[in-house]
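Undergrad: Let me begin by handing over the structure; questions about it come next.
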Amino acid sequence: MVQRLNTAANKLHDFECTCKSDTNLKAVDGPATCDKDECKSDPCGMGQTCNDPVKSLNSLKDFTCTCANGVVTTGASATCENDECAAMPSPCGADQTCSDPDKAANKLHDFECTCNSDMSIKKVDGPATCDKDECKSDPCGMGQTCNDPVKSLTSLKDFTCTCANGVVTTGASATCETDECAATPSPCGADQTCSDPNTAANKLHDFECTCKSDTSLKAVDGPATCDKDECKSDPCGMGQTCNDPVKSLNSLKDFTCTCANGVVTTGTSATCENDECSPSPCGADQTCTDPDTAANKLHDFECVCNSDNSLKATDGPARCVATPTPPPTSCTISNVPARVTPV
């Protein structure tokens, strides 16, 4: 069937051809291909091979699905189990156990090989390596070198552990003392004390350096910083700025505390009053009170209406209602002529 989309003279090559046998098959500016390859829609699924011998709309459902193990169905997807472990010889080998968790034809390469000599050694989609490198489990520990000369399950406990100082043991972790503080020069320095809490060879980088001038200053695995920034402990307190010009243990109590109003003290927290009611932020018809005039106590002043002290506000003027003038209670009339009643 031919359909002209636009019959205007300047609209050529836009005619459309539609297959009568399948109106979904169309072409513009030429005949449509009315034959149909059923394999294009992948009717078989993963792991199967599809073949459509006659690609025609007159010959449908003639495609075949072929499994990897040779099972063939026509016109539908095949149901073809495939136990990968059933192959001869076994894909794992004689000294290993093969298991296939999913034997569906589209589930390939998922079989598992387990060493009979050590079931913790496994591999998926191929033979496991049943030899064993004992050093992989780190039997020696930190600070020792492990060597397994024969990496086989038939030759266990032949690994060696070598300490940094040369002590060697076979089949077990070595006991090789190493006092990190014994090094010359000391890893801490002349003005610090070095201590090594655990001198075992596998306990390295745990030595501690302590400043002689201040034993509260310490560091692990390296020299401590014996200089001291006194402002770190916040000696001034909130609302003050701390400055330590010389950050050294040889120059203590030289820090300064500066208040927001400019008051400065050295070596101690400043006492810098800040009365928020001076000048009054409340207004002429209100009374201002500041319960705490410390520099770090701001926005706590209170405004009380003079006309009614029950009306108050914190950190700003109160809303004061003006007292109304009471109305007169009596009226006096004077200089009014008397009314004469005619006789």
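The values are calculated or read from the model by the stated rules, or taken from the named source; none is laboratory data. These figures come from a predicted structure and were not determined experimentally. In this analysis, Cβ positions are derived from the backbone assuming ideal geometry, glycine residues included, and neighbour counts consider all displayed protein chains. The protein model used for the area step is the full one, side chains on, heavy atoms only, and it has no ligands, DNA or RNA in it. Shrake-Rupley method; radii C 1.70, N 1.55, O 1.52, S 1.80 Å.
Undergrad: Out of the DSSP beta bridges found with both residues in the chain, what percent are antiparallel (nearest 5)? Before the final figure, lay out the partial values.
TA: Working: 50 of 50 bridges.
Just about 100 percent of them are antiparallel.
Undergrad: If you consider only alpha-carbon coordinates, what radius of gyration and Dmax does the chain have, in Å?
TA: For the chain, the Cα radius of gyration and maximum Cα-Cα distance read 48.9, 156 Å.
Undergrad: Taking only the alpha-carbon positions of region 193-296 and ignoring solvent, what does the Debye formula give for the base-10 log of I(q)/I(0) at q = 0.13, 0.21, 0.25 Å⁻¹?
TA: So the normalised log intensities work out to -0.66, -1.01, -1.18.
Undergrad: Excluding residue 55 itself, what net charge comes from residues whose Cβ is under 10 Å from its Cβ, given Lys and Arg +1 and Asp and Glu -1?
TA: Once all neighbours under 10 Å are counted, the net charge is -3.
Undergrad: Let me ask you something else. Once you place label points 7 Å from the Cα toward the Cβ at residue 135 and residue 204, how far apart are they in nm?
TA: For the pair residue 135/residue 204, the computed spacing is 1.5 nm.
Undergrad: With every protein chain kept in the model, how would you rank 153, 252 by accessible area, 1.4 Å probe, largest at the top? Show your work: numbers first, answer last.
TA: Details: 153 35, 252 90 Å².
Solvent-accessible surface, decreasing: 252, 153.
Undergrad: Tell me the trypsin sites (Lys or Arg not before Pro) within region 124-178 that lie in a loop according to DSSP and have at most 16 other beta-carbon atoms within 10 Å.
TA: Here the sparse-neighbourhood loop sites are 151, 157.
Undergrad: Could you sort the peptides 175-182, 231-238 by per-residue average Cβ neighbour count (10 Å cutoff), highest mean leading? Don't skip to the answer; put the middle values down first.
TA: Working: 175-182: 15.6, 231-238: 13.4.
Put in order of decreasing packing, that is 175-182, 231-238.
Undergrad: Report the net charge of residues surrounding residue 315, where surrounding means a beta-carbon distance below 15 angstrom and charges are Lys +1, Arg +1, Asp -1, Glu -1.
TA: On the way: positive: 297, 312, 319; negative: 275, 276, 290, 292, 300, 302.
Around residue 315, the charge tally is -3.
Undergrad: Quick check: at a probe of 1.4 Å, how many percent of the accessible area of the chain sits on carbon and sulfur atoms? Mind dumping the intermediate values first?
TA: Numbers: 11700 of 22200 Å².
Taking all protein chains in place, the chain shows 53 percent carbon and sulfur surface.
Undergrad: So if R0 is 35 Å, what FRET efficiency would residue 292 and residue 216 give, r being the distance between their Cβ atoms, rounded to the nearest 0.05? Present the calculation step by step, with values, prior to reporting the outcome.
TA: On the way: r = 34 Å, r/R0 = 0.97.
After rounding to 0.05, the efficiency reads 0.55.
Undergrad: In nm, to one decimal, how far is the residue 11 label point from the residue 42 one, both placed 7 Å along Cα→Cβ?
TA: It works out to 3.9 nm between the two label points.
Undergrad: Give the Cα extents of region 1-156 along the principal axes, in whole Å, largest first.
TA: 91, 41, 18
Undergrad: Still on this structure, please answer the following. For residue 169 and residue 151 in the same chain, what is the full-extension length gain: residue separation times 0.36 nm, less their Cα-Cα distance, in nm?
TA: Between residue 169 and residue 151, full extension yields 4.7 nm more.
Undergrad: Sticking with this one: Mind checking the full-extension length gain between residue 250 and residue 123? Use 0.36 nm per residue of separation minus the Cα-Cα distance, one decimal, nm. Don't skip to the answer; put the middle values down first.
TA: Working: separation 127, 0.36 × 127 = 45.72 nm, distance 6.53 nm.
Separation in residues times 0.36 nm, less the Cα-Cα distance, equals 39.2 nm.
Undergrad: Which of 170, 189, 142 sits farthest toward the positive end of the charge dipole of region 126-191, with +1 on the Cβ of Lys and Arg and -1 on the Cβ of Asp and Glu?
TA: 170
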